[in-house]
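Q: Could you have a look at this structure, given as structure tokens, before my questions?
The values are calculated or read from the model by the stated rules, or taken from the named source; none is laboratory data. What you see is a predicted model, and the numbers here were worked out from it, not measured in a lab. When we count neighbours, we look across all protein chains shown, and the Cβ atoms used for this are built from the backbone with ideal geometry, even at glycine.
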Amino acid sequence: MKKLLYLSFALAFSVGIAQEDEEKKKDWGTVTGGFESNIQWYNDDTSLGKFAEDEHFRSNNYLKLDYNYGNWFAGIQVESYAPMPLLNYSPKLDDTGIATFYAMYKTRKIEVTAGYFYEQFGSGLILRGWENRPLGINNSFRGARVKYQPSDAIALTGMYARQRDGFEVSEGEIFGFNSEIDLTNALNLETSSLSAGFSYVGRKEDIPEQFQNTGFDELTNAFSARLDYSGETFYSGIEYITKGKDAIVNSQRFIENFVEKGSALLVNFGYSQKGFGIDATVRRLENMNFFSEREAAGNVFNENIVNYLPGLTKQHDYALTNIYVYQAQAAISVPDPSLFKFGEIGGQIDMFYNFKKGTALGGKYGTKIALNAAYWAGLKGDFDFTERDSEIDFFGFGRKYFSEFSMEIRKKWDKKWQSIFYFVNQYYNQRFINDERGVVNSNVAVGEVIYKLSSRQSVRIELQHLWTPDDDKNWAGGTVEFNVTPRLSFYITDIYNYGNDIEDEQIHYYNVGGSFARGATRFALNYGRQRGGLVCVGGVCRFVPQSTGLTVNITTAF
Amino acid sequence: MKSIMSIVAVFLFCTIQANAQKEIPNITVKKLNGTSVTMDEITSEKGVKIISFWATWCVPCINELDAINEVYEDWIDETDVELIAIATDDARTKKRIKPLINGKGWEYKILLDENQDLQRALNITVIPHVVVIKDGKIVWRHTGYQPGAENQLYDVVKKNAN
């Protein structure tokens, strides 16, 4: 603990010095940075029961410092999870220290990085190292990377690294190569653009003795090819990935003598003009989960993930619309004949339309509508237990996993009033998505009204209801938010599982809090109950247990 | 508990002490047609610009950009300001950007920061986040959006436009 305090003093001091120097002599370079702290006090709760874990008080803290001098860049990120990480963050994070560091030299044509770096090839379907603190994800790479841009039309990247894993790095090594080629000028396209990309990602990891010579190699190769076209109103893209033969690992255990290839296909097209837009995406994933350590497959902390496989559904923003969230089902898993999973196939369509000002449906300010429909099913296939072999159809739709229809209507009525209406219909196959029993059919309606009291003050009221005859039955919810100034706001919110068959589980998940923001600094305080379940950002989810307590969030940049 | 509080105090203190970040880091972002553009190309232009970090799934972000869209023409006429909306959507939602902005009829310049490199370099952890630059230098930042905050933003733009 003391170590931490000294460290922070030292850092604050060095920032101070750097700043002073900067004022005296401009050419000493600049230091910038950011700090984020999430502090939680978990208390016992009569409805949820006693807090049964160690340490009622916990915090996650991140300090990032970057230094730049001409073409040179360097930085560190110090992370402190003290005395323990927040609930359901990886136990590997229970420490304080320098989590990432880097040095980089960058010119217009070339960029060389040593240390930790974030990277994405194409859409991330083959490789993505990224950070998301609310999800506890930091899949950055530690090693070396060179980016070279011989001309405006060609960008090349080569990298060798191990992936961050807690305060350590993965066993497995990652080799990566990426190229992006802009064909627009080469083809003399005037009003449209065309680009192509090719990537290679290799993962090399020792094979445990008992699984050696069972049909897969230490090095697993994956290749991606993609093409994107963008015209004035029409655009489309296609990406295909193949992944070499590798052992199937379920719930962090090898399945003996079961070795399969993987592949992914992503097709997207859309059309848009002023006031109207439509977009359709189709994706097929077969055995596409890819980890920097084989035995990380199925880990619940999103660690060692090499590629990015988001659930391609609409990301909702309201509490009750986020109870039944779909997650991509990319893996092969064969626990028993009633639960074979070989991957997923499906798609989604989005439509946006603006009823113009002055028309019957548009009114004085126009009316904006957004529709989304999504359908996802398991890949159709068969598994032979004796031969340890699976037969998977290319375009076969198997068991239905998820479907959804949602509609959003936004309307500004006059200078003071505006409203949002949101409706969602969901089919959620819990058995296949969550490994829980049954299927959930639900409808959710949300109404939101914003009333401006003055040019700076406003009140926002939100009412929600979820109807379902399944699982935990009906929910109701509401929020009142008072925006005192553009900087200061308070809210009170509650979701209530009043329909639950078990009376003791008819719980109010209430929260009260406020936030103050000034410049790049934001301070937020919250007290209340957190619903247990999935917390999802960008289609990636983290399971959190329910809890009650006081939360303080501080973020700032300098 | 005590030491955590003192760490927080030290950092807040050091934040107030430190000069705020003035430069937009020269990160490469993408245009909607997939071609690359560096932030230097944007910050080398004269005048006042609003850089707004948003995402298609962020309701307050959309509220803010919708609200500004209502008055954007007046803002341009009066101050010659330009709004650059930087979408931080990743592969999951980025395909929604083009139909959404057209469906809404936004007139902003839209850029894409797909792996959040620019967002990270500016130490932005919460969106919506607005940065106002004048002749390429940061003059104002704000996190979050509440109805009416666009008036405060416009006051800043007007003050710097003269």
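Q: Quick test of your reading of the structure: residue A:433 fulfils all but one of (1) free of Cβ contacts under 8 Å to residues at least 60 places away in the same chain; (2) more than 14 Å from chain B (Cβ to nearest Cβ); (3) aliphatic (A, V, I, L, M). Name the failing condition by number.
A: For residue A:433, the failing item is (1).
Q: Among strands (runs of 3 or more DSSP E) lying entirely in the stretch A:191-292, which contain 2 or more residues that are within 14 Å of chain B (Cβ to nearest Cβ), on the phi < 0 side of the Ramachandran plot and hydrophobic (A, V, I, L, M, F, W, C)?
A: On the way: elements: A:193-204, A:219-230, A:234-250, A:253-273, A:276-286.
By residue number, A:193-204, A:234-250, A:253-273, A:276-286.
Q: Condition (residue is in contact (Cβ under 8 Å) with a residue 40 or more places away in the chain, among the aliphatic types (A, V, I, L, M) and either touching an Asp or Glu at 6+ places or on another chain (Cβ under 7 Å) or over 21 Å from residue A:558 (Cα atoms) (or both)) applied to the stretch A:95-105: is it met by at least one residue?
A: Just the residues of the stretch A:95-105 that are in contact (Cβ under 8 Å) with a residue 40 or more places away in the chain, to begin with: A:95-97, A:99-100.
Checking the rest, the ones that are also among the aliphatic types (A, V, I, L, M) come to A:99.
Filter once more, so that each one left must be either touching an Asp or Glu at 6+ places or on another chain (Cβ under 7 Å) or over 21 Å from residue A:558 (Cα atoms) (or both): A:99.
Yes, the conditions are met somewhere in the stretch A:95-105.
Q: Those residues that are under 27 Å from residue A:130 (Cα atoms) and in a helix (DSSP H, G or I), I need them from the stretch B:65-94; list them, please.
A: Hits for the stretch B:65-94 are B:65, B:94.
Q: Next up: Looking at this structure, is residue A:108 surrounded by 19 or more Cβ atoms within 10 Å (Cβ to Cβ) and either outside any loop (DSSP other than H, G, I, E, B) or in contact (Cβ under 8 Å) with a residue 24 or more places away in the chain (or both)?
A: Values: surrounded by 19 or more Cβ atoms within 10 Å (Cβ to Cβ): no; either outside any loop (DSSP other than H, G, I, E, B) or in contact (Cβ under 8 Å) with a residue 24 or more places away in the chain (or both): yes.
So residue A:108 fails the test.
Q: Kindly indicate whether any position in the stretch A:291-306 is in contact with a Ser or Thr (Cβ under 8 Å, 6 or more places away or on another chain) and under 30 Å from residue A:477 (Cα atoms).
A: Taking every residue of the stretch A:291-306 in turn, at least one turns out to be in contact with a Ser or Thr (Cβ under 8 Å, 6 or more places away or on another chain) and under 30 Å from residue A:477 (Cα atoms).
Q: Further question on the same structure: For residue A:149, state whether it is in a strand (DSSP E or B) and modelled with pLDDT under 95.
A: Values: in a strand (DSSP E or B): yes; modelled with pLDDT under 95: yes.
Here the answer is yes, as residue A:149 does meet what is asked.
Q: Restricting attention to the stretch A:25-60, and to residues there that are surrounded by 19 or more Cβ atoms within 10 Å (Cβ to Cβ) and without any contact (Cβ under 8 Å) to a residue 60 or more places away in the chain, which single residue is nearest to residue A:76 (Cα to Cα)?
A: A:31
Q: Another one. Hey, could you check the stretch A:171-206 for residues that are touching a residue at least 12 places away in the same chain (Cβ under 8 Å) and aliphatic (A, V, I, L, M) and say which is farthest from residue A:238 (Cα to Cα)?
A: In this case the residue turns out to be A:174.
Q: Every residue in the stretch B:94-108 that is facing chain A (nearest Cβ under 7 Å) and surrounded by fewer than 19 Cβ atoms within 10 Å (Cβ to Cβ), please. Lay out the reasoning, then the answer.
A: We begin by selecting, within the stretch B:94-108, every residue facing chain A (nearest Cβ under 7 Å); these are B:95-96, B:98-100, B:102-105.
B:105 - this is the single residue of the stretch B:94-108 that is facing chain A (nearest Cβ under 7 Å) and surrounded by fewer than 19 Cβ atoms within 10 Å (Cβ to Cβ).
Q: Looking only at the stretch B:109-162, count how many residues are free of Cβ contacts under 8 Å to residues at least 24 places away in the same chain, more than 7 Å from chain A (Cβ to nearest Cβ) and more than 28 Å from residue A:65 (Cα to Cα).
A: Going through the stretch B:109-162 one residue at a time, the tally reaches 3.
Q: In the stretch A:347-376, which residues are away from chain B (no Cβ under 14 Å) and surrounded by 16 or more Cβ atoms within 10 Å (Cβ to Cβ)? Walk me through it before giving the result.
A: To start, the set of residues in the stretch A:347-376 that are away from chain B (no Cβ under 14 Å) comprises A:360-361, A:375.
Scanning the stretch A:347-376 gives a single hit, A:375.
Q: If you take the residues in the stretch A:146-190 that are charged (D, E, K, R) and more than 14 Å from chain B (Cβ to nearest Cβ), which one is surrounded by the fewest Cβ atoms within 10 Å (Cβ to Cβ)?
A: Step one: of the stretch A:146-190, the residues charged (D, E, K, R) are A:147, A:152, A:162, A:164-165, A:168, A:171, A:173, A:180, A:182, A:190.
If we keep only those that are more than 14 Å from chain B (Cβ to nearest Cβ) as well, we get A:162, A:164-165, A:168, A:171, A:173.
Values: A:162: 18, A:164: 23, A:165: 21, A:168: 11, A:171: 17, A:173: 18.
So the residue we want is A:168.
Q: Checking residue A:510 against (1) assigned to a strand (DSSP E or B); (2) over 23 Å from the mean Cα position of the chain (by Cα); (3) at pLDDT below 90, which test does it fail?
A: In the conditions (1) assigned to a strand (DSSP E or B); (2) over 23 Å from the mean Cα position of the chain (by Cα); (3) at pLDDT below 90, residue A:510 misses (3) alone.
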